[in-house]
Amino acid sequence: MKVQRFSKIGFILAAAGSAVGLGNIWKFPYMTGEYGGGAFVLVYLIIIAFVGFSVMIAEMLIGALGRSDTVTSFEKLAPPNKKYWKLAGFMGFNGIIIMTFYSVVIGWIFYYLYSLLRGLPTSTDQAKAAFDNLVGNEVLAQIFFHTLAVVIVGYIVYRGIKGGIERINLILMPALMLILFGLLAYAMTLDGFKEALSFMFEPKWEKLNSEAFVRAVGHSFFTLSLGMGAIMTYAASLPKEASITKTAFIVTFMDTLIALVAGLVIFSFLFQFGAKPGQGPGLVFISLPTILNNFGTLGIFFALLFFLALAFAGITSAISLVEPVVQYLIDRFHMTRTKAVIFISFIYWLVGVGAILSYSNAWGKIFSIGGKPLFDILEYTTDSILLPLGGLLIAIFVGYVMQKSQVKAHLQTFNEMNPTMYRIWYFSIRYIAPLALLFMMLNLLGVIEL
Ligand code: PFF
């Protein structure tokens, strides 16, 4: 059982800290670049508004009513003849799978922060060679920075809800926003800004294919931290007086805003010097540092700020990926927090080392399955399969399994959601969200084609 409670602002920042992560600053911009800009952004925004936001409310509701780890919350809220729903609570373990590669990427960011001090690359080739060298050859450096990420994240989670998670979010989230909005203010003075605006907000429909649609659904879950019990676990410590609807709205809004700002900043810089947007995952690690070199010393300063923001975003999300399983081990196995953190950290650290090796030139073959590096398998499985599956289970549970009266009473009476809004939300959670998710999963499995 949870005893500690967040403060109101602490909860908002912690949930936003979970949502705003590498997904916003690293992944969203490169996906937008790859899938042609405006049309992808529009689909993403529509899915966030009609599916993501509803599922966010549903996840918070399960947490706030269950007040426990994910497994126990599902068990408590399921009707007596449907206690097997507690199995859905194992979605909390998705976080650990995500952490296996998420902490490797945080490690890369740490590495960049350190190596940027020596100057920026002067050409894309040089930047690409440096990145390829890091990923392909610098196994030990990667393991070192991955370990550093695991230790920092582990320490914060070990300090618990109030002294660790709330406290760090109260510091890092405002700092992150300050940096990003500062960079945006500068980006707005560049000619590239106009181009960035039109790239991101003028839909080019011909670029939108079914893959882009499926990736937009998957990413909307990833970016909002949905479908794996992170928001649910935090909501178990929701302060009594906090409104779920309002909080969910603020968190969704902040997450979306920051993704858009990050995109605008990166594309303004890129377009300013005529670089192409569709660079894939290397966008932030290869193209951005090269482009920033054009700004001289100021460029190093921008790059440091940017990677610092990225590190902050990564850390505040990472702690929310680890906390659900830690809470589960504490509740169900009566482990101490210290033991639970050490145990879980060791497991994902180890698999993370496998993910690092899977990209390396020397070990890549051994750590690949069917020609696919372990890193990619872990990322694809979580982003495209497990999170949407978790989202589907949450929508079905709240929409069909939980007692209707309990859902309504909590959201409408206790949280003062207005009746029309409640009807729209309920419709979305029963029909729109499950259909969109099912559609996406069937499409992924090749059962249906868009
Ligand atoms: N939302 C985070 C991001 O955008 O990087 C990633 C994430 C955190 C996914 C927590 C899922 C989660 F439960």
> Shape of region 262-351 from its Cα gyration tensor (a ≥ b ≥ c, root eigenvalues): rounded if a/c is under 1.5, otherwise prolate when a/b > b/c, or oblate?
Replying inline: prolate
> Looking at the square roots a ≥ b ≥ c of the eigenvalues of the Cα gyration tensor of region 302-400, which shape do they give, rounded for a/c under 1.5, prolate if a/b is larger than b/c, or oblate?
Replying inline: rounded
> If one takes the longest principal axis of the Cα atoms in the chain, at what angle in degrees, from 0 to 90 and to the nearest 10, does the Cα axis of helix 433-444 lie?
Replying inline: 50
> Going toward the positive end of the dipole of region 22-148, with +1 on Lys and Arg Cβ and -1 on Asp and Glu Cβ, which of Gly36, Phe145, Ile47 do you reach last?
Replying inline: Ile47
> Quick one: Cα centre-to-centre distance for region 109-126 and region 1-49, in angstrom?
Replying inline: 27
> If you look at just the Cα atoms of region 1-73, how large are its Rg and its Dmax in Å?
Replying inline: 15.8, 47
> Gap in Å between the Cα centre of region 176-219 and the Cα centre of region 365-396?
Replying inline: 26
>> I'd like the Karplus ³J(HN,Hα) series for region 411-422: coefficients 6.51, -1.76, 1.60, θ = phi - 60°, whole numbers in Hz, and an x wherever there's a Gly or Pro.
In response: 6, 7, 7, 6, 9, 6, 6, 6, x, 5, 4, 4
> What is the sum of charges around Tyr158, taking Lys and Arg as +1, Asp and Glu as -1, for the other residues whose C-beta is under 12 Å from the C-beta of Tyr158?
Replying inline: +2
> Given Cα pairs under 8 Å that are at least 6 residues apart, what percent is the relative contact order of the chain?
Replying inline: 34
> What is the magnitude of the charge dipole of region 291-447 about its Cα centre, with +1 placed on the Cβ of each Lys and Arg, -1 on the Cβ of each Asp and Glu, and no other charges, expressed in debye to the nearest 20?
Replying inline: 340
> Taking region 374-422 as the region of interest, what is the percent of Cα-Cα pairs per 10 angstrom bin, listed from the shortest bin to the one with the maximum distance?
Replying inline: 23, 32, 23, 16, 6
>> Past the 20 angstrom mark, what percentage of all C-alpha to C-alpha distances in region 202-342 do you count?
In response: 63
>> Give the separation of the Cα centroids, region 61-92 to region 398-450, in Å.
In response: 17
>> Around Met99, under 13 Å between beta carbons, what's the net of Lys plus Arg minus Asp minus Glu among the other residues?
In response: -2
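Every read-out reported here was derived from the displayed coordinates using simple, explicitly stated rules and does not represent laboratory data. Worth saying up front: this structure is predicted, and the values here are computed from it rather than measured. Note that we place each Cβ from the backbone using ideal geometry, even for glycine, and neighbour counts take in every protein chain shown.
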